[in-house]
Every structure is written in C-alpha cells, then in structure tokens.
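Novice: Supplied in structure tokens, the structure appears directly below.
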Amino acid sequence: MEHIIIERAAAADHSVLTPISFESKAFWGYSTAQLETWKEDLIITPEYISQNHVYKMVLNSHIIGFYSFIRISDDHIILEHLFVRPEHIGKGFGKNLLDHFLKIAEDLKSKSITLEADPHAESFYKKFGFTTFGFKESSVAGRFLPEMIYHFK
C-alpha cells in the first residue's frame, strides 16, 4: 500500500527538489540548451526553501514532487513551482499537490492566485478553475507562457 505525505520542505531537501524540477521540465521534450536557459528558475536553493512556502510530496519515503508559492499580500498568492517526477506524471500526484496548495491558499484567506504556466500545463490548471488572462514572452524568443489566475469564491 502506498503511503503519501505532503509536508513543508526542509532546506536540506534542495538537493532532491532541484533534480525533480529539471527532470519534470525535460519530460515535455525541452532540449538541454533550453533547460540551461531556465537554470536560474529551476534551481531550488536552501535559501529559497527557508524564505518561501515550499511543500514536498513524499511517497513511500521518497520525494516525488513539490510546489512552492509566494504570498504577495493577504489577498494574493503566486504559485511559482509545481513539479512531479516524470515517472509519476499522469497518475494523479500533480492533482494531489494542487489540491493541497489550493487548501493552504484558502486557509490563508487568499482571494486570488496567479501563475505563469508552462504551455504544456495550461490545460491541467484549467481543470481546477484557473483562467488564462494573458501571455508573457519567456526567455526563449517566440515562446509565450500563459498567465493564469484563480479566484476563490
């Protein structure tokens, strides 16, 4: 039987979370050169974990995914990362992470959440009620990231 826990990440988890972010991004077919372009965004440092809200998903004692967010104000949160190891993509773990995040955001009395989605993930977020309100050009010329928002009712 599988045992799943979602809990705050510790600074020492950075060495596991960083590879998850790179592997998850690579799952969508991005080249090594593209991943190198996003290196600064994908590296999770101990300082980042200490200064932000970072939650890890542990399956049978192994970290298989994580999410992180920044609370901009009492009313607004930015979801910065949500990654799952490639071998676990499509099995409901991303849904579990996002459900957990939405519950935390609701408990914090947030009124809205924004994020910049990977184009491959836009439909995933739409299933949860996020809507696309714009597109932001990424660091790769000609590639645009959906800007999405979620409003609590």
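The values are calculated or read from the model by the stated rules, or taken from the named source; none is laboratory data. Since we're looking at a predicted model, the values are computed, not measured. For neighbour counting, all protein chains shown are included, and Cβ atoms are generated from backbone atoms with ideal geometry for every residue, glycine included. Protein only, heavy atoms only, side chains kept; ligands, DNA and RNA dropped before computing areas. Shrake-Rupley method; radii C 1.70, N 1.55, O 1.52, S 1.80 Å.
Novice: Which numbered condition trips up Ala141, out of (1) farther than 18 Å from Trp38 by Cβ; (2) among the aliphatic types (A, V, I, L, M); (3) in a loop (DSSP other than H, G, I, E, B)?
Specialist: (1)
Novice: Only one of (1) at pLDDT below 95; (2) touching a Gly at 6+ places or on another chain (Cβ under 9 Å) fails for Phe124. Which number is that?
Specialist: (1)
Novice: Filter segment 85-105 for residues that are open to solvent by less than 40 Å² (accessible area, probe 1.4 Å), under 22 Å from Ile149 (Cβ atoms) and in contact (Cβ under 8 Å) with a residue 60 or more places away in the chain and give the result.
Specialist: Once the filter is applied, which keeps residues that are open to solvent by less than 40 Å² (accessible area, probe 1.4 Å), under 22 Å from Ile149 (Cβ atoms) and in contact (Cβ under 8 Å) with a residue 60 or more places away in the chain, segment 85-105 yields only Leu97.
Novice: Can you name the residue in segment 40-73 that is among the small types (Gly, Ala, Ser) and open to solvent by 60 Å² or more (accessible area, probe 1.4 Å) and is also farthest from Pro86 (Cα to Cα) among such residues?
Specialist: The extreme case among them is Ser50.
Novice: Please specify each residue of segment 106-143 satisfying the condition of being among the small types (Gly, Ala, Ser) and either out of contact with any strand residue (DSSP E or B) (no Cβ under 6 Å at 6 or more places or on another chain) or without any contact (Cβ under 8 Å) to a residue 40 or more places away in the chain (or both).
Specialist: Ala117, Ala121, Ser123, Gly129, Gly134, Ser138, Ser139, Ala141, Gly142 - these are the residues of segment 106-143 that are among the small types (Gly, Ala, Ser) and either out of contact with any strand residue (DSSP E or B) (no Cβ under 6 Å at 6 or more places or on another chain) or without any contact (Cβ under 8 Å) to a residue 40 or more places away in the chain (or both).
Novice: Give the number of residues within segment 54-88 that are in contact with a helix residue (DSSP H, G or I) (Cβ under 7 Å, 6 or more places away or on another chain) and either at pLDDT below 95 or of a type in the set (D, E, K, R) (or both).
Specialist: 2
Novice: I'm trying to understand the selection: among the residues of segment 18-39, which are in a helix (DSSP H, G or I), open to solvent by less than 40 Å² (accessible area, probe 1.4 Å) and without any contact (Cβ under 8 Å) to a residue 40 or more places away in the chain?
Specialist: Thr18, Leu35
Novice: Among the residues of segment 90-138, how many are within 27 Å of Glu36 (Cβ to Cβ) and among the β-branched types (Val, Ile, Thr)?
Specialist: Adding up the residues that qualify gives 1.
Novice: Is it the case that some residue within segment 117-129 is of a type in the set (A, V, I, L, M, F, W, C), part of a strand (DSSP E or B) and open to solvent by 20 Å² or more (accessible area, probe 1.4 Å)?
Specialist: The initial filter retains those residues of segment 117-129 that are of a type in the set (A, V, I, L, M, F, W, C), namely 117, 121, 124, 128.
In the following step, the residues that additionally are part of a strand (DSSP E or B) were identified as none.
Scanning segment 117-129, I find no residue that is of a type in the set (A, V, I, L, M, F, W, C), part of a strand (DSSP E or B) and open to solvent by 20 Å² or more (accessible area, probe 1.4 Å), so the answer is no.
Novice: A further question follows. From (1) of a type outside the set (A, V, I, L, M, F, W, C); (2) in contact with an Asp or Glu (Cβ under 8 Å, 6 or more places away or on another chain); (3) part of a helix (DSSP H, G or I), pick out the condition that doesn't hold for Glu47.
Specialist: All conditions pass for Glu47, except number (2).
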